[in-house]
Amino acid sequence: MSEENKKEQLSQAFYAQEAQHVLEEMQTDANGLTNDEAQKRLSEYGPNELEEGKKKSMAQKFFEQFKDLMIIVLLAAAIISAVVSHEVVDSIIILAVVIINAIMGVVQEAKAEQAIEALREMSTPNANVLRNGHTVTIKSDELVPGDIVLLEAGDVVPADLRLLEASSLKIEEAALTGESVPVEKELTVIDGTDVGIGDRVNMAYSNSNVTYGRGKGVVVNTGMGTEVGKIAGMLASAQETETPLKRNLNELGKFLTIAIIIIAVIMFFVGTIFNNTSWVDMLLTSISLAVAAIPEGLPAIVTIILALGTQVMAKRNAVIRKLPAVETLGATDIIASDKTGTLTLNQMTVEKLFVNNKQHAASEDIPLDNMALKVMNFANDTKFGEEGNLIGDPTETALVQFGMDQGFHVRDLVNQEPRIADLPFDSDRKLMSTIHQQEDGRYLVAVKGAPDVLLGRTSKVLLDGQELPMTDEEKEKILFNNTDLAKQALRVLGMAYKYVDQVPENLESEIVENDLVFAGLVGMIDPERAEAADAVRLAKEAGIRPIMITGDHRDTAEAIAGRLGIIKPGDDDAVLTGAELNKMSDEEFAQKVAHYSVYARVSPEHKVRIVKAWQQEGKVVAMTGDGVNDAPSLKQADIGVGMGITGTEVSKGASDMVLADDNFATIVVAVEEGRKVFSNIQKAIQYLLAANLGEVLTLFLATLWGWDSLLPIHLLWINLVTDTFPAIALGMEPAEKDLMKHAPRGRSSNFFSGGVMSSIIYQGILEAATVLFVYWSAIQWPVHNMYDAIHADALTMAFATLGLMQLFHAFNVKSIHQSLFKVGAFRNKAFNWAILLSFALMLVIFIVPGLNDIFRVAHLDLYQWGIVLGASFAIIPVVEIVKAIQRAMGRK
């Protein structure tokens, strides 16, 4: 279908027009289209299906992994190393790291674009339509605007329809609106052109489910013109949000590139001008320094730390679909959560019962002969499945479940008092009645419905087992409690009954549903999850602001949010509806977005707009949801969190993370793990860059002073042995105790925040100063007298000191500011083994015969080893003293 046709369809407010006017506008009538006209329109509008987005090939996904600046710098270093410095082994290591990192990225993102495909698969395969005045079954993709579609319970609505007939028709639209209760459809024209989807009761939307009754409607939108199509369009056009991790790594890459180039250039000119070294030798030395300065293992180490985080999260029911999402969670400022199925159970439940002029909690025992209990179970169309499960309208199944919880066995009682007639629910009279044969020959008329309507049909009230006349005072009590229950966001139904001697010949409402005895009120709600309130409290303690975004009514949303602690009970100023949001410009909304914590009666477009507004405020937003209507905002958010059990495949496909247990509390657990992952990446970066800075300064100053600098093979071995294993093990450090007591670091933070940069600088200087001091002391107080031996000892001691000191320094970075003795030196078993392995690999160079010559190291005596070990270990107490001073100055 052309873009013009799509826009033309979408522009029509069909719910605001008379049905006959819609038929005329769609150039059809109640008998449907002819086959020829349908074929003509199929050619004009195209098939009733969602368009497939462009898919990236595996090759495209692979090469996109090389766009990061850090990766480009590493590749350049590998090429220079191989061509100019002839360090082939170094180049191979760098290339291997880059390629492995790219492969892991492709594997993680290979299934990231399945949302639209899942939407396509949701479509119903067939539809019952009128063609040439006859009912025929056709494939749903052959539907065209103007077709007349017939609906009945169990059907999936095949396209967007303006209803022409609705006989007790109820349609479940939770996937589109987030409202847990099926919508009772009416044919009334709705005033206004800015009415939310959930309030368009004369419309039926594609991919929603018919749960009750029958209906007929004219197709007004197909394919990408439907509400589901609009969602698919938003998904296809949504841009991937840059994660804090990617942004931080890019910033780190830029910083390192500039710093390395400056240092290499300075070193080149210092060597050639002041030391009279040949420019060729200085060029090679400068390149060696540049290669030494690059933490080539960093991308792989970051990937491994993230992968370890995904394993921990998976064990705690948070399944990560994209690796950067692990770290993004730790930066979360806002958790924007859908209500239905996420904060609530998505299961209507009886919460209050009003009988004998008193409200009772559902947990209280109700006598089994209570007439309100009997009526709610008898005037009910719920069916029992083969396994005893309840099948039917959620409101009615909630009433039966309540009866079963009370010990009321409705199946047995219905066998004793069988239903012999009924008046089905009708949206006009808002009542339902059933008639049951009694053992004494009489008949029980059980009636449930809207309390205000029901009261108008009652003449008596049941109080303490006695049927007393209904007085104005009793009516006021009932209406007061009805209002009170409604204010608690409960859906309230009234129960009434009467006994008759014979079944009326004419089953009409005026005869059957009059002169009733009022039995009670029942209040139901889709209740909040038991653990959700604690999760909201924990999120707030961690400085994270939870907000609720739902398609449900304002009063319901406000009540649930108050009960959960998202807002203070009764704080209606913190609630904004979709209609109110429509009246605001983007600029006005951006100024007021911080005032609102609850958004009710919203559409998918509103959800995306809300997420964007918070992002423009500089906040990192996590969006949770389970329905099709959540998919665009899940994709727009910094991290989309789908529901694993109740979530649609569409919402899962648009998510970065899926909660396997559908538990809102799990996201708070995942945030803690995300903070731990970021903290551990920071530790690894601090460790690596401090070590590399120490190496660079050692080479730079040694060259400046005309000393023999460390050999390239020494730097390569140190980077291979001391960088890799300890850095990975740091990624497995347990979370620090006060991790969830700090405010989120936010979008503006980076890996150098929180004192990391200053730590890298002073610790790198400390490492270089120590190594140069050991080299100088070996020259000043030599063990041997020969010149060559003196320099060989000095170089060997400097090499050993640099390597071993980095291993000791790994203990320092277990915490940026906390003492090593507080965080625990040996809590992390993986770290302990990594240090031992690296320590052994360093010492093997000096012990194993033959390796001494390869690495050009001399044999050291006990005195020299004492200096090396003492100088290497000294970095721990020195850093401990600096940390103590920092803590005294208020850093934590």
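A few points about this structure:
- Set side by side, the residues F402, F384 differ, and just one is assigned by TED's automatic domain parsing to the domain that holds K477 and within 22 Å of A519 (Cβ to Cβ), which is F402.
- Listed by first and then second residue, the pairs linking a residue in the stretch 360-388 that is more than 16 Å from A446 (Cβ to Cβ) and surrounded by 12 or more Cβ atoms within 10 Å (Cβ to Cβ) to a residue that is of a type in the set (V, I, T) and at pLDDT 90 or above, with Cβ atoms under 6 Å apart and 6 or more places separating them unless they lie on different chains, are A362/V350.
- Some residue of the stretch 782-791 being surrounded by 16 or more Cβ atoms within 10 Å (Cβ to Cβ) and under 23 Å from A691 (Cα atoms): no
- Residue list for the stretch 709-729, filter: at pLDDT 80 or above and of a type in the set (S, T, N, Q): T722
- Taken together, the residues in the stretch 389-425 that are touching a residue at least 40 places away in the same chain (Cβ under 8 Å) and of a type in the set (S, T, N, Q) amount to 4.
- Enumeration of residues in the stretch 596-622 that are assigned to a helix (DSSP H, G or I), at pLDDT 90 or above and in contact with a strand residue (DSSP E or B) (Cβ under 8 Å, 6 or more places away or on another chain): I610, V611, W614, Q615
- In the stretch 618-641, the residues that are at positive phi reach residues that are assigned to a loop (DSSP other than H, G, I, E, B) and of a type in the set (D, E, K, R) with C-beta atoms within less than 8 angstrom, at least six apart or across chains, in these pairs: G618/R747.
- Pairs where the first residue, in the stretch 852-875, is touching a residue at least 24 places away in the same chain (Cβ under 8 Å) and the second is charged (D, E, K, R), C-beta under 6 Å, 6+ apart: A858/D793
- Residue match in the stretch 317-329 (condition: surrounded by fewer than 23 Cβ atoms within 10 Å (Cβ to Cβ) and modelled with pLDDT of 85 or more): no
- Criterion applied to L836, L843, L804 was being in the same structural domain as I304 (by TED's automatic domain parsing), under 30 Å from F752 (Cα atoms), assigned to a helix (DSSP H, G or I) and without any contact (Cβ under 8 Å) to a residue 12 or more places away in the chain, and the one residue passing it is L836.
- Close contacts from the stretch 770-796, counting a first residue that is modelled with pLDDT under 80 and a second that is assigned to a helix (DSSP H, G or I) and β-branched (V, I, T), with Cβ to Cβ under 7 Å and a gap of 6+ residues or different chains, come to P782/I790; H784/I790; I790/I779.
- Within the stretch 548-582, the set of residues being at pLDDT 90 or above and part of a loop (DSSP other than H, G, I, E, B) comprises G565, I566, I567.
Okay, residues lined up against (1) within 22 Å of I681 (Cβ to Cβ); (2) assigned to a helix (DSSP H, G or I):
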| position | (1), (2) |
| --- | --- |
| L772 | no, yes |
| A778 | no, yes |
| H791 | no, yes |
| F811 | yes, yes |
| A825 | yes, no |
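- Residues within the stretch 356-382 that are over 36 Å from the mean Cα position of the chain (by Cα) and within 23 Å of D526 (Cβ to Cβ), tallied: 12
- Test: residue in the stretch 744-760 that is farther than 28 Å from I335 by Cβ and either touching a residue at least 60 places away in the same chain (Cβ under 8 Å) or among the aromatic types (F, W, Y) (or both): yes
The values are calculated or read from the model by the stated rules, or taken from the named source; none is laboratory data. Please read all numbers here as calculations on a predicted model, not as lab measurements. When we count neighbours, we look across all protein chains shown, and the Cβ atoms used for this are built from the backbone with ideal geometry, even at glycine.
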